[in-house]
């Protein structure tokens with residue numbers, strides 16, 4: 001009886017569902033947002049250079065809109081990525097802690113029931 005119960009405790013993962021549901025979306029946002037921001041930055045710089053090429057002028061009025069778009073895209077990418085990474089780490093820690101508590105409880109419960117029904 002002790003072997004089967006320890007087998008079930010070692011293979012049962014109560015936090016697997018929470019990891020499956022919450023983690024991939026937060027992880028994807030945190031992983032892709034900086035690249036989306038970087039793409040926007042490159043796009044804005046390309047616009048700035050195109051404006052320079054079309055006008056032939058190197059004034060701030062020509063370059064500013066493209067650079068402004070680049071900075072906005074970078075800021076939006078970072079504004080999405082940083083909180084997503086922080087929450088992913090926070091929730092991952094909480095899920096691991098809950099899993100450890102549940103495993104400790106199940107082991108204590110099994111020990112208690114084995115002591116009660118052995119004698």
For the pair residue 89 and residue 32, the simple spin-label estimate (label points 7 Å beyond Cα toward Cβ) gives in nm 2.3 nm
Taking a crude spin-label model, label points 7 Å out from Cα along the C-beta direction, the residue 78 to residue 42 distance in nm is 1.9 nm
For the range 23-111 the mean separation of alpha carbon contacts under 8 Å (6+ apart) over residue count, i.e. relative contact order in percent, is 41 percent
Simple SL model, points at 7 angstrom along Cα→Cβ for residue 96 and residue 71; separation in nm is 3.9 nm
Using the Cα gyration tensor of the range 23-111, the equivalent ellipsoid's semi-axes, largest first and to the nearest Å, work out to 50, 9, 5
In nanometres, the difference between 0.36 nm per residue of separation and the alpha-carbon distance of residue 57 and residue 111 is 11.4 nm
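FYI, it's all coordinate maths here, none of it is from the lab. Only a predicted model underlies this, so the values are computations on that prediction, with no experimental measurement involved. Ideal geometry is used to build each Cβ from the backbone, glycine not excepted, and the neighbour counts take in all protein chains shown.
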